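Since the structure comes first, as C-alpha cells, the remarks are kept for the end.
All of the numbers you see were taken from the coordinates with simple rules; none came from a lab. Values in this document were obtained by computation on a predicted structure and should not be read as measured data. With ideal geometry, Cβ positions are generated from the backbone for all residues, glycine too; neighbour counts draw on all protein chains shown.
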Amino acid sequence: MLMNNVIAKFNKICHYCGAELKGRSDKKFCDDYCRNNYYYKINTQRTSYIKRINSVLQHNRKILHSLCSCGRVLVPKQEMDSLGFDYEYFTGLYKTKKGVDYFVVYDYAFSVVNEKIVSIVKYLNKV
Ligand SMILES: [Zn+2]
C-alpha cells in the first residue's frame, strides 16, 4: 500500500506501510524494506504506464503504415475503427498551410476529415 505523501508527512507515518515513525523528524520510512518497496512500486507503475502508451502508439503506427502505402490516402473511418486505431494517442501535431490539423504518429499523420473519412499521409519528421 502506498500512502499519500501529504498525509504521511503530516502524520509522521511511513510512506509505504503507514506505521507510526519514531526518530528523526525527516524520516519517511520505517526501514530499508519499506523504502525499497515504496520506490520499486512507484517505478513499476510508471514503467507499466509508459509501456502501455508505447504499445498503443506502435499499434496506431502499424495501422497507418498498413493503410497508407503510397504516401497519401483517404480511408473509411470504420476501417480504422475496426483495426482498433486509438485516435487519442499520437506523437505530435502538424497544421497544413490550409489550416488542417494532422495528428502525427511517428512517420505518419492522420486527420479525421469527417465522421466517415480519415486522411492519412506519410509524414517526414523534421527531428
Ligand atoms: Zn513502513
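If you filter region 94-127 down to residues that are among the hydroxyl-bearing types (Ser, Thr, Tyr) and touching a Ser or Thr at 6+ places or on another chain (Cβ under 7 Å), you find that the one that is nearest to VAL56 (Cα to Cα) is TYR106. Specify which of the listed residues (ASP107, ASP101, ASP26) is more than 20 Å from LEU124 (Cα to Cα) and surrounded by fewer than 17 Cβ atoms within 10 Å (Cβ to Cβ). Of ASP107, ASP101, ASP26, the one residue that is more than 20 Å from LEU124 (Cα to Cα) and surrounded by fewer than 17 Cβ atoms within 10 Å (Cβ to Cβ) is ASP26. Residues in region 14-23 that are crowded, with 18+ Cβ neighbours inside 10 Å and within 6 Å of the ligand (Cβ to nearest atom) were compared, and the one that is farthest from LYS41 (Cα to Cα) is CYS14. Selection over region 34-91 of residues that are assigned to a helix (DSSP H, G or I) and within 16 Å of VAL118 (Cα to Cα) gives a count of 14.
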